[in-house]
Amino acid sequence: MPRLVSQPTLPDWLQPHLRWVTIPSWVMSLGFHGVLVAVLLVVARLPGCQPDIAGEEGEAFREVGLYLRPTAVMEPALAEDEPREPTAEETAAALPAAAPAPVPTQPPIPLQLPTLSSTPVIGAGGLPRTATGVERLLASQGSGSGAPPAASGGSTGGTSFLGVEDQGRRFVYLIDSSSSMADYGAFRVAKMELLASLERLNETQQFQVIFCNSETALKLDAGRFGMFFGTDSQRLEVRLQIAGINTDAGTNHEKGLLAALDLNPDVIFFLSDAGEPYLTAKQLDAIKRRNRGGARIHCIEFGRGPLLLTNGQPPPNFLTKLAAQNDGRYVYQDVTQFAAR
């Protein structure tokens, strides 16, 4: 027989209240689900990941990145019939393309350009050569061809001095420094032409300068160099030494020529006014034997007045004979023309 369990009894005042508080379970379930549906609807309407940007007509998906929405420029509204001024871009697009300006091939103002010379000139520059009579003399004496003789020792350069050109590795300039060389500025011109000739030498060529007077043959700094090289520094050294040399009384041509031959040069440029003392035939022969054809001796005469020709040839003197006996050339210069320079 089942056992009965007694239920606790509630106070009389609580029972009526509990009947009002008790809510059926189906009402509570209906309310809870209604609230849940409302929340889902609200969340679904929030902005989130969309397949395209609004206003793009849904044409394609955008790549991941930043999207900058263009800022609308507020323009005043125009009436439909009111004309609108074109923009600068529209005006430029409507104009035809301008043809490029032609590039001028000539300057607007003609330029007077100097004529360039193939050889450098220092000071007074080159002196005019003698007339055709001397050229005819060169055809019968010395090298005879009028062109520079072939260089000895395989030289690759040459120079010119007062109208005489030649090639070689070793050059000696023998310059008469007697007092008569000071007339008409001849000695000044000789030094300027010497410096111009030295500028034409290259670094592999050597040179020496000898000034001969009645006492001695002065070689420039022979103790230190013996022979100078055609470098800028040594040309400057020679320039400084030449500036302090002046003319002296008398001269000694033989002593100067022997001093020049002692340097074993390829070329000797001998400049003189052909004054006393003249070289005798015996002295000329001794110089020829001493040279033995080793150096070409070119003679430049500084004379006064035009050269007087006999049968198309200048009168013979020791300079014309010296050049002819040593495969050299003879050139005459009128010193009276130097004063105008």
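The values are calculated or read from the model by the stated rules, or taken from the named source; none is laboratory data. Just so it is clear, the structure is predicted and the values come from calculations on it, not from any experiment. Glycine also receives a Cβ, built like all others from the backbone with ideal geometry; neighbour counts cover every protein chain displayed. The protein model used for the area step is the full one, side chains on, heavy atoms only, and it has no ligands, DNA or RNA in it. Shrake-Rupley method; radii C 1.70, N 1.55, O 1.52, S 1.80 Å.
The table below lists the values:
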{"quantity": "Largest to smallest accessible area among Ser272, Ser25, Ser179 [probe 1.4 Å]", "calculated": "Ser25, Ser179, Ser272"}
{"quantity": "Solvent-accessible area of Glu276 with every protein chain in place, 1.4 Å probe, in Å² to the nearest 10", "calculated": "140 Å²"}
{"quantity": "Heavy-atom accessible area ranking, 1.4 Å probe, most first, across Ser197, Ser233, Ser180", "calculated": "Ser233, Ser180, Ser197"}
{"quantity": "Å² per residue, accessible surface of region 157-271 at 1.4 Å", "calculated": "36 Å²"}
{"quantity": "Cleavage-rule hits, chymotrypsin sites (Phe, Trp or Tyr not before Pro), region 267-305, DSSP coil, Cβ neighbours within 10 Å at most 14", "calculated": "Tyr278"}
{"quantity": "Stretchable slack from Leu308 to Glu276, in nm (0.36 nm times residue separation minus alpha-carbon distance)", "calculated": "9.6 nm"}
{"quantity": "With every protein chain in place, region 214-341: carbon and sulfur % of accessible area (1.4 Å)", "calculated": "50 percent"}
{"quantity": "Accessible-area value, Asp221, 1.4 Å probe, nucleic acids and ligands omitted, Å²", "calculated": "50 Å²"}
{"quantity": "Centroid-to-centroid separation of region 182-205 and region 266-341 [C-alpha atoms, Å]", "calculated": "18 Å"}
